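The values are calculated or read from the model by the stated rules, or taken from the named source; none is laboratory data. Bear in mind that the values here come from a model prediction, so they are computed numbers and not experimental data. Virtual Cβ from ideal backbone geometry, glycine too; neighbours counted across all protein chains shown.
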Amino acid sequence: MKRSPLLSWLSRETAEMHRQLETTPLLSKLLGDSISLEEVSEVLDRFLWAYRPIDRALEDALSQFLPTCRTPPRTPLLTADLAALGQPSRKHEPVTFSSPGTLPETLGILYVTEGSTLGGTVIAGRLERSLPRIPRHAFSFFSLGERESPSLWEKFLMIFPSAPASGDFSQELLRGATRTFRHFLDAFSPRDSTISPSDPQTTRLSGQHLAESLSP
């Protein structure tokens, strides 16, 4: 499916944040050749911490702005995966992620969550090779992208506009994507991280997004 100019623009604008996320210590292990069961469990636990408020925010936003669009909540998958690995979820301080107030901001959040399922499919295959004794159903979160046809990413492309309705639309779209990336960076970065928030309306970023490299 051909990428729209707007999607290519969003990919360029958020690419550096995506690179920062991929290179955090835990997530970089997922893309490497070896990872321990304990490390996989910690990755899932941090995703669970991050996705709980995102799931709630998207449920509210989709019912308001995209009532015919559905995306599976990630919290049940992550909880089930941790249970299958015999690893109960840890207790974390609750975190907030406010519901988007506009359609383009909602699309910006979905750009990150649905795009991540492309990389998740690759990661699921790596985990099966690295941890062959672990049952495949323990990786349901990562294999989500391959369980539906059309895939979640393909469904996202179907609703994504080819061009912005206005300049404000583009900025709201970027705001949704960048605050979602920051949310995940907070979940996976060391607490003494030097990553600092910046205004999504003035940030200029460059590079390549995983969704761009892996999308059909």
query = Among 176, 145, which is of a type outside the set (Phe, Trp, Tyr), within 19 Å of residue 74 (Cβ to Cβ), at pLDDT 90 or above and surrounded by 21 or more Cβ atoms within 10 Å (Cβ to Cβ)?
reply = 176
task = Could you check how many residues of the range 129-162 are closer than 16 Å to residue 87 by Cα, small (Gly, Ala, Ser) and more than 16 Å from the chain's Cα centre (by Cα)?
result = 1
remark   = Taking first residues from the range 167-189 that are over 16 Å from residue 53 (Cα atoms) and second residues anywhere that are of a type in the set (A, V, I, L, M) and assigned to a helix (DSSP H, G or I), the pairs with Cβ under 6 Å that are 6 or more apart or on different chains are 173/107
inquiry  = Step by step: first the residues of the range 83-107, then only those that are over 17 Å from residue 56 (Cβ atoms) and modelled with pLDDT of 95 or more, then the one that is surrounded by the most Cβ atoms within 10 Å (Cβ to Cβ). Which residue is that?
reply    = 107
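Report, by residue number, each residue of the range 168-184 that is of a type outside the set (Phe, Trp, Tyr) and closer than 21 Å to residue 96 by Cβ.
The initial filter retains those residues of the range 168-184 that are of a type outside the set (Phe, Trp, Tyr), namely 168, 170-180, 182-183.
Selection gives 172, 174, 175, 176, 177, 178, 179, 180, 182, 183.
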query = basic (Lys, Arg) and under 30 Å from residue 88 (Cβ atoms) - does that describe any residue in the range 23-35?
reply = yes
message = Are there helices (runs of 4 or more DSSP H) fully within the range 74-161 with at least 3 residues that are within 16 Å of residue 42 (Cβ to Cβ) and aliphatic (A, V, I, L, M)? List them.
response = 74-84
Selection from the range 44-62 of residues that are touching a helix residue (DSSP H, G or I) at 6+ places or on another chain (Cβ under 6 Å) and either in contact (Cβ under 8 Å) with a residue 60 or more places away in the chain or under 23 Å from residue 103 (Cβ atoms) (or both) = 44, 46, 47, 49, 50, 51, 55, 61
request  = Please state which one of 189, 116, 170 is buried (at least 18 other Cβ atoms within 10 Å of the Cβ), of a type in the set (S, T, N, Q) and over 17 Å from the mean Cα position of the chain (by Cα).
outcome  = 170
query = Which condition does residue 19 not pass, out of (1) farther than 20 Å from residue 144 by Cα; (2) over 17 Å from the mean Cα position of the chain (by Cα); (3) of a type in the set (Lys, Arg), if it passes all the others?
reply = (2)
task = State yes or no: is residue 52 basic (Lys, Arg), assigned to a helix (DSSP H, G or I) and over 25 Å from residue 135 (Cβ atoms)?
result = no
ask   = In the range 55-73, how many residues are assigned to a loop (DSSP other than H, G, I, E, B) and within 13 Å of the chain's Cα centre (by Cα)?
value = 3
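Taking residue 151 as the residue in question, decide whether it is surrounded by 14 or more Cβ atoms within 10 Å (Cβ to Cβ), at pLDDT 85 or above and in contact with an Asp or Glu (Cβ under 8 Å, 6 or more places away or on another chain).
So residue 151 does not fit the description; no.
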query = Are any residues in the range 10-47 assigned to a helix (DSSP H, G or I), modelled with pLDDT under 95 and small (Gly, Ala, Ser), and if so, which ones?
reply = 28, 41
